[in-house]
2 protein chains.
Amino acid sequence: MKITDRKSEIIVTAAKLFKKRGYNAVSMRDIAQELGIKAASLYNHIKSKQEILSDIVLNVAESFTNHMEQIYPQSINSIQKLEAIIQNHIDITVQKTDFLACMNNDWMHLDEENLATYLKLRNAYEASFRKILQEGIAKNELENQNSEIVIFSILTTLRALYLWYSKKSSVEVEVLKKDLPKTLLHGIVKN
Amino acid sequence: MKITDRKSEIIVTAAKLFKKRGYNAVSMRDIAQELGIKAASLYNHIKSKQEILSDIVLNVAESFTNHMEQIYPQSINSIQKLEAIIQNHIDITVQKTDFLACMNNDWMHLDEENLATYLKLRNAYEASFRKILQEGIAKNELENQNSEIVIFSILTTLRALYLWYSKKSSVEVEVLKKDLPKTLLHGIVKN
DNA sequence: GTCTATAACGCGATAGAC
DNA sequence: GTCTATCGCGTTATAGAC
């Protein structure tokens, strides 16, 4: 996250606090204090606390959507697409850890309009993921397992990567990039 | 969740609301209204809002611990132990959906003392899980993959099952019990 | 066991001085 | 752009009547 102006600075700071304690447990006074100013001063840069949340959540959601729109139409097989998606989740986890955590934990606190936008993006993402799986099954590249269970299982793990990443050093990210696709796609039991 | 007295009734009702909106977004007035009484009346049965949260979280955490202590020492192989653990997560998801969601989402809002208790239970659970994996690798039953990644991946999926369960009918739980162990343990790619 | 009334406090947000 | 002061409201929790 490059910080270009005061508004970005506020949003990045808020995301860090939201990740740690959750949207509702963080006050405007907390965010201001972290920046060394008073809560009232925040309102020269942002409209409301809700605006901070929606900026954070929709920023990450659009990152995922953009990548999926780029990968989905490519002429590579389903396994290569799934590997590219896993890589992208790892990349976003590393680059936007706090934003991602905030999206995962606090999306339900968006106001009506932004909630609808977020859910539309998320549903479209899952629909593309589902099609990739079904394409892989049709072409005999993947086992014919219950698609909903596979989507749930893989996406849940990928979405929660930030929990794991927070605890590990950046060196181990290379291990993650190498081993996670194996674990998710090939399982852990010996043949 | 069998409701035996007024206190249980309050806790079950609170868990349902906490699951939907999160601990901090639910007020004592909300809980009371759901029960058809006034907020002040709740305090005849419970000490504080914190007490409701810790009762919920520690109840589920202890369920997991008890099952692990029962499975861990058994004379069955590592794959059978992992299958038993997966079954147990599905069972608790079905039997205590709201409590489980609350534990997953709101454990960080526990007060200092209960937080320490919860973390101790969770760490012990993960340690047992880790030992089962390592035992399986040593006996050549499991692939020699990075244990931390496997623990993270499987436990994250199992902990989030309540999200999936809420959307599906109870008939599909049978599908889940049959297919989830396959997906988690054997992967999705054709050999 | 539930009620009304209220204490004590923190919240998001605004007005207006500098 | 940041400040002080403040509004109006919601929060957990308690006191005391019934």
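Scanning the stretch B:97-119 for residues that are surrounded by fewer than 21 Cβ atoms within 10 Å (Cβ to Cβ) and under 27 Å from A:Ile188 (Cβ atoms) yields a total of 2.
The C-beta contact set for the stretch B:77-104 (first residue outside any helix (DSSP H, G or I), second residue β-branched (Val, Ile, Thr), distance under 8 angstrom, 6+ apart or interchain) comprises B:Lys96/B:Val60.
Taken across the stretch A:51-67, residues that are in a loop (DSSP other than H, G, I, E, B) and within 27 Å of B:Ala101 (Cβ to Cβ) do not occur at all.
Of all residues in the stretch B:32-54, those satisfying the criterion of being more than 14 Å from chain A (Cβ to nearest Cβ), more than 12 Å from DNA strand C (Cβ to nearest atom) and surrounded by 19 or more Cβ atoms within 10 Å (Cβ to Cβ) are B:Ile52, B:Ser54.
Among the residues of the stretch B:136-156, is any under 30 Å from B:Lys16 (Cβ atoms) and basic (Lys, Arg)?
So in the stretch B:136-156, the residues under 30 Å from B:Lys16 (Cβ atoms) come out as B:152-156.
Adding the requirement that they be basic (Lys, Arg) leaves none.
Checking the stretch B:136-156: not a single residue is under 30 Å from B:Lys16 (Cβ atoms) and basic (Lys, Arg).
Checking each residue in the stretch A:2-15 for being under 18 Å from A:Leu58 (Cβ atoms), away from DNA strand C (no atom under 15 Å from the Cβ) and surrounded by 15 or more Cβ atoms within 10 Å (Cβ to Cβ) picks out only A:Val12.
Determine whether the stretch B:116-130 contains at least one residue that is within 11 Å of chain A (Cβ to nearest Cβ) and either at pLDDT below 95 or out of contact with any helix residue (DSSP H, G or I) (no Cβ under 7 Å at 6 or more places or on another chain) (or both).
Step one: list which residues in the stretch B:116-130 are within 11 Å of chain A (Cβ to nearest Cβ), which gives none.
The answer is no; no qualifying residue exists.
Flag: B:Lys19 does not match the condition of being more than 14 Å from chain A (Cβ to nearest Cβ) and either surrounded by 15 or more Cβ atoms within 10 Å (Cβ to Cβ) or more than 16 Å from DNA strand C (Cβ to nearest atom) (or both). Taking the criterion of being within 28 Å of B:Glu83 (Cβ to Cβ) and either in contact (Cβ under 8 Å) with a residue 12 or more places away in the chain or more than 7 Å from chain B (Cβ to nearest Cβ) (or both), the residues of the stretch A:162-191 that qualify are A:Leu163, A:Trp164, A:Lys167, A:Leu176, A:Lys178, A:Leu180, A:Pro181, A:Leu184, A:Leu185.
When the stretch B:49-68 is limited to residues that are away from DNA strand D (no atom under 16 Å from the Cβ) and hydroxyl-bearing (Ser, Thr, Tyr), the one that is farthest from B:Ala116 (Cα to Cα) turns out to be B:Ser63. If you take the residues of the stretch A:22-31 that are buried (at least 19 other Cβ atoms within 10 Å of the Cβ) and within 14 Å of another protein chain (Cβ to nearest Cβ), which of them is nearest to DNA strand C (Cβ to nearest atom)? Across the stretch A:22-31, the extreme among qualifying residues is A:Val26. Once the stretch A:141-161 is narrowed to residues that are out of contact with any strand residue (DSSP E or B) (no Cβ under 9 Å at 6 or more places or on another chain) and more than 18 Å from B:Leu163 (Cα to Cα), the residue that is nearest to the other protein chains (Cβ to nearest Cβ) is A:Gln145. Where helices (runs of 4 or more DSSP H) fall wholly inside the stretch B:118-191, the ranges with 3 or more residues that are more than 18 Å from the chain's Cα centre (by Cα) are B:147-159, B:172-186.
What's the number of the only condition in (1) surrounded by 15 or more Cβ atoms within 10 Å (Cβ to Cβ); (2) under 21 Å from A:Asp106 (Cα atoms); (3) acidic (Asp, Glu) that A:Glu62 fails to meet? Every condition holds for A:Glu62 apart from (1). If you go through the stretch A:65-78 and keep only what is within 14 Å of chain B (Cβ to nearest Cβ) and crowded, with 18+ Cβ neighbours inside 10 Å, you end up with just A:Ser78.
The values are calculated or read from the model by the stated rules, or taken from the named source; none is laboratory data. Nothing here was measured: the structure is a model prediction, and the numbers come from that model. No Cβ is skipped: glycine too gets one built from the backbone with ideal geometry, and neighbour counts run over all protein chains shown.
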